[in-house]
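The structure appears right after this line, and notes come after that.
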Amino acid sequence: MNESGPSASIPSGLAPLADLAEGLVPSGGGRALLGVCGVPGAGKSTLAEALVAELARRHGPGFVAHVPMDGYHLADVQLERLGLRDRKGAPETFDALGYAALLRRLREDVERDVYAPDFERTLEQPIAGAMVVAGGARLVVTEGNYLLLDDPVWREARAALDAVWFVDGDDEVRRSRLVARHVAFGKTPEEAAAWVSAVDEPNAAMVRAGRGGADRVVLVADDGWRLPD
């Protein structure tokens, strides 16, 4: 095990979470898949990236991979065809079955490199084959809003995961973060606030309904994360 780097520098609460993620990996070989779920703006990507960085520090970069669900956004040309352009980010604007198929392949095809799409935030479009999970990786961390959604197509994705963690935190901070994110990618503050109210918050209510189905809840703290008491 590679323990390079000062462990004292990692965010509060990350080490025990990395231990828990590590514990999902089967001892006899093979690969585990961990899902990180939460409402829009909750900090799913931040936690997923921190877990991947910490486990790579411990074991080397070939041990762990990160595959966000966002690569399965439908492209704008398909959203326009379906009349869903103004719903971008809602469950029906993703290729949920394609995402589930990728997760199943990641579980079954553990020796060969597997390519996956990513989402380019500047273009606001998915990019095919932009990510790779190296053959031999023992843990894949994936994150997205809808991993616990009680819907047949999303249940297929959930079935491919060993565990799903739900990230939760302060709603006011989360909404401010969402508005700032939309502004950073081209909306005016007024447009961003309207989008959060009309699209992100209804999605958030839908996502939060699945919180009880999580294997573990992770709370966002000022200096990292913590598990509920």
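Observations
- Of the residues examined, ASP118 is one that is in contact with a Pro (Cβ under 8 Å, 6 or more places away or on another chain), open to solvent by 30 Å² or more (accessible area, probe 1.4 Å) and not in a helix (DSSP H, G or I).
- Tally, over the range 161-179, of residues that are open to solvent by 60 Å² or more (accessible area, probe 1.4 Å) and modelled with pLDDT under 90: 6
- Residues (among the charged types (D, E, K, R), closer than 17 Å to VAL207 by Cα and in contact (Cβ under 8 Å) with a residue 24 or more places away in the chain) located in the range 149-170: ASP150, ASP151, GLU156, ARG158, ASP168, ASP170
- Look at (1) within 11 Å of the chain's Cα centre (by Cα); (2) within 23 Å of ALA209 (Cβ to Cβ); (3) not small (Gly, Ala, Ser) and you find that LEU84 fails only one, number (1).
- Checked against the criteria, GLY129 does not count as in a loop (DSSP other than H, G, I, E, B) and not aromatic (Phe, Trp, Tyr).
- When residues in the range 140-160 are screened for being farther than 15 Å from GLU92 by Cα and surrounded by 23 or more Cβ atoms within 10 Å (Cβ to Cβ), 4 of them pass.
- Count of the range 199-229 residues which are open to solvent by 70 Å² or more (accessible area, probe 1.4 Å), without any contact (Cβ under 8 Å) to a residue 12 or more places away in the chain and either closer than 19 Å to LEU47 by Cβ or assigned to a loop (DSSP other than H, G, I, E, B) (or both): 2
The values are calculated or read from the model by the stated rules, or taken from the named source; none is laboratory data. These figures come from a predicted structure and were not determined experimentally. Because the Cβ atoms are built from the backbone with ideal geometry, glycine has one as well, and the counts that use them run over all protein chains shown. Ligands, DNA and RNA are excluded from the accessible area calculation, which covers all protein heavy atoms including side chains. Shrake-Rupley method; radii C 1.70, N 1.55, O 1.52, S 1.80 Å.
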